[in-house]
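Undergrad: So that we are looking at the same thing, I have put the structure below in structure tokens.
The values are calculated or read from the model by the stated rules, or taken from the named source; none is laboratory data. None of these values were measured; they are calculated from a predicted model. All Cβ positions, even for glycine, are placed from backbone atoms using ideal geometry, and neighbour counts span all protein chains on display.
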Amino acid sequence: MATGIWLDRLRELIDQGAQVVEVLPADDYAPVHLPCALNLPLRELDEQAVTVLDRKRPIVVYCWDSL
Amino acid sequence: MSGKVDWLAHNLEVEGANTDAPTVGRVMRDDVVRCAPTDRAADVRESIECSVYPFGLVTSEDGTLLGRIPASTLYASPEEPVGDLAEPGPKTFRPHTSVEKVASVLTEKDLRWAIVTTAEGRLLGVASREDLE
């Protein structure tokens, strides 16, 4: 189930091994992104998520102003 | 909820091709005089006179920026709480803003100092025009 989180919770989840996914276009991702974040742009998310992400670990998806 | 903007605004670790680009968060200093709204003007003036800045910044207990207090406004009312004398809502910048952009805005608005805060308004530091060169 998807829930919104704040920065403190994100840091906890990263420390616990969560997968972090930036859904912005590659041009936004490449210059600067969160440590260890994968780039799955929204248009490719449905197609790639199943093969790239591990269902057993928490997944944090972010864009410019939302987690 | 926060997002990438919030992460950058907290000056946290990042990866990518442009992580070495100079930002105001990397050149700012955190030695500006901070005071509470209830502090006496005379006490704050004394602190400002011992600092390299011609002003102090009024913050709440959690570090949220409330206003800017120029030293020159503190002489007339030494017993007043600085919260009553401060200029509310000074121009602020997020730490991930490029030094080029900040310098441009300072020039455009004829400001000498850039006050840097998080997206929630917590004071991080101050950079001068010289710091941005």
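Undergrad: So A:Trp6 fits all but one of (1) under 25 Å from B:Glu120 (Cβ atoms); (2) in contact with a helix residue (DSSP H, G or I) (Cβ under 9 Å, 6 or more places away or on another chain); (3) at pLDDT 85 or above; what number is the exception?
TA: Just one mismatch for A:Trp6, condition (3).
Undergrad: Looking at the range B:1-30, which of its residues are under 18 Å from the mean Cα position of the chain (by Cα), assigned to a helix (DSSP H, G or I) and within 14 Å of another protein chain (Cβ to nearest Cβ)?
TA: Of everything in the range B:1-30, those that are under 18 Å from the mean Cα position of the chain (by Cα), assigned to a helix (DSSP H, G or I) and within 14 Å of another protein chain (Cβ to nearest Cβ) turn out to be B:Asp6, B:Leu8, B:Ala9, B:Gly25, B:Arg26.
Undergrad: Cβ-Cβ distance below 7 Å, separation of 6 or more or different chains: which pairs start in the range B:92-106 with a residue that is away from chain A (no Cβ under 14 Å) and end on one that is among the β-branched types (Val, Ile, Thr) and part of a helix (DSSP H, G or I)?
TA: B:Phe93/B:Val24; B:Phe93/B:Val102; B:Val99/B:Val24; B:Val99/B:Val27; B:Val102/B:Val24
Undergrad: On to the next question. Keeping to the range A:1-19, report how many residues are within 8 Å of chain B (Cβ to nearest Cβ) and either among the β-branched types (Val, Ile, Thr) or within 19 Å of A:Asn39 (Cβ to Cβ) (or both).
TA: Adding up the residues that qualify gives 2.
Undergrad: Among the helices (runs of 4 or more DSSP H) confined wholly to chain A, which include 2 or more residues that are touching a residue at least 24 places away in the same chain (Cβ under 8 Å) and buried (at least 17 other Cβ atoms within 10 Å of the Cβ)?
TA: Where helices (runs of 4 or more DSSP H) fall fully within chain A and carry at least 2 residues being touching a residue at least 24 places away in the same chain (Cβ under 8 Å) and buried (at least 17 other Cβ atoms within 10 Å of the Cβ), they are A:7-15.
Undergrad: Another question, if that's okay. Is it true that B:Asp30 is surrounded by 19 or more Cβ atoms within 10 Å (Cβ to Cβ) and at pLDDT below 90?
TA: For B:Asp30, the condition - surrounded by 19 or more Cβ atoms within 10 Å (Cβ to Cβ) and at pLDDT below 90 - is not met.
Undergrad: Oh, and also: So which of B:Glu49, B:Glu108 ends up being touching a helix residue (DSSP H, G or I) at 6+ places or on another chain (Cβ under 8 Å) and of a type in the set (Asp, Glu)?
TA: From the options B:Glu49, B:Glu108, the qualifying one is B:Glu49.
Undergrad: Return the total of residues in the range B:10-35 being touching a residue at least 12 places away in the same chain (Cβ under 8 Å) and in contact with a Leu (Cβ under 9 Å, 6 or more places away or on another chain).
TA: 13
Undergrad: Same structure again: Looking only at the range B:66-117, how many residues end up being surrounded by 20 or more Cβ atoms within 10 Å (Cβ to Cβ) and of a type in the set (S, T, N, Q)?
TA: 1
Undergrad: Give the number of residues within the range B:34-54 that are in contact with a Pro (Cβ under 6 Å, 6 or more places away or on another chain) and closer than 14 Å to B:Ser72 by Cα.
TA: 2
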